[in-house]
Amino acid sequence: MHYSDYLQIDKILSAQLPESEKQGTEAHDEMLFIIIHQAYELWFKQLLHEANSIILIMQKPALNDNSPELQTVVHRLSRMATILRVLVHQIDIMETMTPMDFLDFRDMLRPASGFQSVQFKLLEAGLGLKFEHRHGQEHYTSQLRPAEVDSVKKGEAGKSLLSLVNDWLERMPFFDEEENWKGFVVSTPLNNLQPFWAEYRERYRQSLNEVERNNLDAFDKFFFEPEISQRTGDASIVTRSLSPAASRAALFIMLYRGYPILQLPFQLLHNLLEIDEQLSTWRYRHMSMVQRMIGTRIGTGGSTGRDYLRSALEKHYIFRDIAQLTSFLIERKKLPQLSSTMERRLGFQR
């Protein structure tokens, strides 16, 4: 095996065909522009490779929370977050190109646009961004070729990582087994709640100051009402992505992550939030770069450029429900003391 043959170096290095060269004009920075975007697509391919492998694991009917499979999921999610950090830093290289450098070849690109990246749309769909939650739905696939539209629709029809995480959280048996809560001390009326949640709700209520009193209503809706909707900044309606049962399991994991059996589940949730944060950072940097390069002008693909990117930044949070759980945390020293049975179970003891 030879290095060049294995990596297909000849194909890679012959894949940069600047339009400016074809038209016999000088546009030095078009080579940089092409290579940056080709590098993005290669990283998108790797991100899809990781995401699809995670989805295959999470689709299994049972996933042991102390298994090599869960460790693999956590490891690959962490890798995805690291790759996304690299994508953010690639913008630093892109920004060595000045607006005038970009104008040397910009008009030659029309109507090509990053909005036509099928891999990025598949990645978002695989992670859990639903079509109905997207900004610019009317133009979402308008610039794609028929085969690409079919590919995206097929990707959106499949199980997403977010829906599989919801199913995984719902399967956690912390609260369904009465044996786990024998000896658990409750200092407040149950009011038809499971003992732990009755006690935790009361301690959360006591932790709120006067201006936070409405948080208790939000707590009840988030963890006990079957379906709720919440308004985003642009006043559009977004249906929650985690069920109340899944939300309760996720909050419990965050609260008691110090126990051995909850460490991997906590890392899984933490990595999902890291992925969302890096995607958001990438969108923000992309928006800022577009503002710097073209100001208020229309993008090459016909979008509103900066304004579209700003709206997508505000709306395209995939793991929003997991991030909102931090609103319902209390101090560690005020956490309810778990029963001895539950402590043994969470500590791998019998």
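The values are calculated or read from the model by the stated rules, or taken from the named source; none is laboratory data. These numbers were taken from a predicted model, which means no experiment stands behind them. Glycine also receives a Cβ, built like all others from the backbone with ideal geometry; neighbour counts cover every protein chain displayed.
At least 2 residues that are within 21 Å of Ala81 (Cβ to Cβ), in contact with a His (Cβ under 8 Å, 6 or more places away or on another chain) and modelled with pLDDT of 95 or more in each: list the helices (runs of 4 or more DSSP H) lying fully within segment 243-350 that qualify.
Working: elements: 244-255, 260-294, 306-315, 320-324, 340-346.
Fully inside segment 243-350 and qualifying: nothing.
Need the failing condition index for Leu56 against (1) over 17 Å from Leu161 (Cβ atoms); (2) surrounded by fewer than 16 Cβ atoms within 10 Å (Cβ to Cβ); (3) among the aliphatic types (A, V, I, L, M), just the number.
(1)
What residue, among those in segment 93-108 that are surrounded by 13 or more Cβ atoms within 10 Å (Cβ to Cβ) and assigned to a loop (DSSP other than H, G, I, E, B), is nearest to the chain's Cα centre (by Cα)?
By that ranking, first place goes to Glu95.
Please determine, by comparing only the residues of segment 157-187 that are free of Cβ contacts under 8 Å to residues at least 40 places away in the same chain and under 21 Å from Thr341 (Cα atoms), which one is surrounded by the most Cβ atoms within 10 Å (Cβ to Cβ).
Checking each candidate, the answer is Val186.
Could you check how many residues of segment 61-118 are β-branched (Val, Ile, Thr) and either touching a Cys at 6+ places or on another chain (Cβ under 6 Å) or within 22 Å of Leu42 (Cβ to Cβ) (or both)? Even if it seems obvious, please write down each step before you answer.
Just the residues of segment 61-118 that are β-branched (Val, Ile, Thr), to begin with: 72-74, 82-83, 86, 88, 91, 93, 96, 98, 118.
Now narrow it down to the ones that are either touching a Cys at 6+ places or on another chain (Cβ under 6 Å) or within 22 Å of Leu42 (Cβ to Cβ) (or both): 82-83, 86, 88, 91, 93, 96, 118.
Summing the residues that are β-branched (Val, Ile, Thr) and either touching a Cys at 6+ places or on another chain (Cβ under 6 Å) or within 22 Å of Leu42 (Cβ to Cβ) (or both) in segment 61-118 gives 8.
Is it the case, given these coordinates, that Leu63 is surrounded by 13 or more Cβ atoms within 10 Å (Cβ to Cβ), hydrophobic (A, V, I, L, M, F, W, C) and assigned to a loop (DSSP other than H, G, I, E, B)? Full working, then the answer.
Numbers: surrounded by 13 or more Cβ atoms within 10 Å (Cβ to Cβ): yes; hydrophobic (A, V, I, L, M, F, W, C): yes; assigned to a loop (DSSP other than H, G, I, E, B): yes.
Yes; evaluated as a whole, the condition is true for this residue.
For every residue, the table says whether it meets (1) under 30 Å from Glu124 (Cα atoms); (2) at pLDDT below 95; (3) assigned to a helix (DSSP H, G or I); (4) in contact with a Leu (Cβ under 7 Å, 6 or more places away or on another chain).
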| site | (1), (2), (3), (4) |
| --- | --- |
| Val152 | yes, yes, yes, yes |
| Leu164 | yes, no, yes, no |
| Asn180 | no, yes, yes, no |
| Gly183 | no, yes, no, no |
| Val186 | no, yes, no, no |
| Glu199 | no, no, yes, no |
| Asp217 | no, yes, yes, no |
| Lys221 | yes, yes, yes, no |
